[in-house]
Amino acid sequence: MTCSEVERVLPELLDGGSNGAFPPDFDAHLKCCPTCSDLVSDLKLIASEARQLAASEEPASRVWVRIAAELRAEGLIRDSAIPDSAIHDSTIREPEFAPARPVVVPVPVPASPRWRWRALWLAPVAAAVLVASAYVISHKPAPQVATQQAPAPAVTSPAPVTPATTPALVPAPAPQQMAKNSAKPKGVSGNGNEIGRVAEAAAEPEPSAEDQQFLSVVSTLGPSTRATYESQLRAVNADIQETQAYVDRNPGDADARQHLMDAYQQKALLYQIALDRIQ
Amino acid sequence: MASLQQASIDRTSIQHTNIHHTSIYGTTAVTLVLASCLASAAFAESKAESKKEYRFTVGPNAIISVDTQYGAISAKPGSAGQVIVTATLKSDNVEVDQQQNGNRIELASHLLQGANEQTGRVDYELLIPPDATLNLHSSTGPLSVERLHGDLTLEGTDAVVNVSNVENGHVHVRTMRGPITLSGVRNGHVEIASISGDIHLKAVTGPLVMASSGRGRIFYDGDFGAGGDYKFTTHTGDIEALVPADVSAGFRAHSVLGRVQHDFPLQPRHSRFSEEVGRSFIGTTGQAASEVVLRSFSGRIRLKYR
């Protein structure tokens, strides 16, 4: 027996033909041909595994009954007689009460399911594009830079004493004025508790009149700029207030007095940075 | 049974296919429309962006000033006697005013009607003589300078400032909130002031190094050179100094309300300032070649080995 003859009879033998018995020369060939021997053993293994798999995952018969009913209702199948020569699938049991075998109504099926999977990536891309477009559409541009300057506010505060040069538009308040306006917290209740006074002093005070004047000029640079400077101004004023309160309680602390001067210099720096921007 | 199975599978696949077809067609259509809108907008915007180059001939010790409200400025050394400025204008709503008066060059961004932070942005790249004096001003920044040895003045509101490998020149930096980083700055006066920005100093030495920040922190990593004065001051920010084991400096640190500590022993020295454990320390290491003063109102001060 040759290898080609083995391959020809092998499917029949595996399907149970000849009552499972192999021809004598078949075994003789397998003994001397390792290729065919391996092939036979592999096919036997696959066949046995397939039977076990099918048996373990076979659904209950009622499932097929229900499916059949739904398919008939949708017109996808119709009952018709099927000749005995039709292919019989031995791994699936037939419904016991269905004499006629259903026939599938041909329905067009897409030729290439791959295109469906390939196009699924468009979904997250589309979502990202939607988000980006929503941002672009809803994003309001910053207000236009004013080309017309606001009229210079009336100068009412005393002459500046700060070392840095200051334009005449908005003079930086004198240190004494700053101390008066910054170190006097509003609504501070007097109590004897040192910690309480420090805590109250550390609360950010409201901008003084000079500070408001300063902020009104800064507003010409835009509302976001004003907000930035206002927050920094509040922080600096809070530092001045805190330090002033400590110095008031500890007048002999030279280092604390120096820190108070440093805090005023920070405020002067803030004024300078802002006014350098105003054209 | 096989045909039933096949029919059910086909039905399911048909339904799925129909649903997917509908969703994919719709998604694709929306995507294409949106993409075309965004592309046209991007194209329109990119079309308005322009680059301009300016070249100036200067003598020794030129003075160069660049002022822009919105945009980055970077400066690097170029050839002596020539200044090359490349300005990238983001839109037609801004123009560059430039002028030269002898050895002084000034460039400024001129915002036109309708300009905002995006459309009014101009980025500058400078190639200047290494000994030139440089004044840079940008609200948004960043500001970047490297490998120069002229005097530098950098100012920014929120600008991130980076200065590296600068020698022999004075360095002045001011920001409101922008963080400041100096590295490899030697042999010059350094004055840094920020209201709430952090200050990072790495290998910064010179006859005078002053750094102050109200609410920002100050980090120093270096050996304090030999023979310089170093003064670091904060209001609420912490101060931290990392030094090598062979540092030679006299230290004085004091925090009014914060904690003060040093992680290595200091030689005591006579001083008019009193020492308070946990609030201040005074001492020296090595030959005390440099003088280091660390002060904070309520921040924490720490001196430790690298």
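The values are calculated or read from the model by the stated rules, or taken from the named source; none is laboratory data. Because the structure is a prediction, the values reported are computed rather than measured. Reconstructed Cβ throughout: ideal geometry from the backbone, glycine too, with neighbour counts over all protein chains shown.
Matching residues to (1) of a type in the set (A, V, I, L, M, F, W, C); (2) in contact with a strand residue (DSSP E or B) (Cβ under 6 Å, 6 or more places away or on another chain):
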{"residue": "B:195", "(1), (2)": "yes, no"}
{"residue": "B:199", "(1), (2)": "yes, yes"}
{"residue": "B:204", "(1), (2)": "yes, yes"}
{"residue": "B:209", "(1), (2)": "yes, yes"}
{"residue": "B:214", "(1), (2)": "no, no"}
{"residue": "B:233", "(1), (2)": "no, yes"}
{"residue": "B:243", "(1), (2)": "yes, no"}
{"residue": "B:253", "(1), (2)": "yes, yes"}
{"residue": "B:259", "(1), (2)": "no, no"}
Margin query: Looking at the structure I just gave you, is residue B:130 buried (at least 16 other Cβ atoms within 10 Å of the Cβ), touching a Lys or Arg at 6+ places or on another chain (Cβ under 6 Å), touching a residue at least 40 places away in the same chain (Cβ under 8 Å) and away from chain A (no Cβ under 14 Å)?
Written below: no
Margin query: Step by step: first the residues of the range A:240-269, then only those that are within 14 Å of residue A:211 (Cβ to Cβ) and surrounded by 22 or more Cβ atoms within 10 Å (Cβ to Cβ), then the one that is nearest to the other protein chains (Cβ to nearest Cβ). Which residue is that?
Written below: A:266
Item checked: Residue under evaluation residue A:275, criteria (1) surrounded by fewer than 19 Cβ atoms within 10 Å (Cβ to Cβ); (2) of a type in the set (A, V, I, L, M); (3) more than 11 Å from chain B (Cβ to nearest Cβ), criterion not met -> (1)
Margin query: I want to confirm something. Restricting to the range A:217-227 and keeping residues that are surrounded by 17 or more Cβ atoms within 10 Å (Cβ to Cβ) and touching a helix residue (DSSP H, G or I) at 6+ places or on another chain (Cβ under 9 Å), which single residue is modelled with the lowest pLDDT?
Written below: A:221
Check: Counting only residues that are of a type in the set (S, T, N, Q) and within 15 Å of the chain's Cα centre (by Cα), which one in the range B:183-207 is nearest to the other protein chains (Cβ to nearest Cβ)?
Finding: B:196
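Per-residue answers, yes or no, for (1) free of Cβ contacts under 8 Å to residues at least 40 places away in the same chain; (2) in contact with a Lys or Arg (Cβ under 6 Å, 6 or more places away or on another chain); (3) more than 14 Å from chain A (Cβ to nearest Cβ):
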residue: B:111; (1), (2), (3): no, no, no
residue: B:144; (1), (2), (3): no, no, yes
residue: B:156; (1), (2), (3): yes, no, no
residue: B:173; (1), (2), (3): yes, no, no
Checklist line | Matching strands (runs of 3 or more DSSP E) fully within the range B:196-306 where at least 2 residues are surrounded by fewer than 21 Cβ atoms within 10 Å (Cβ to Cβ) and in the same structural domain as residue B:170 (by TED's automatic domain parsing) | finding: B:199-204, B:208-213, B:218-221, B:229-234, B:239-243, B:260-262, B:280-285, B:290-296, B:301-305
Next item on the list: Any chance you could count how many residues in the range A:66-75 are assigned to a helix (DSSP H, G or I) and more than 9 Å from chain B (Cβ to nearest Cβ)?
Entry: 4
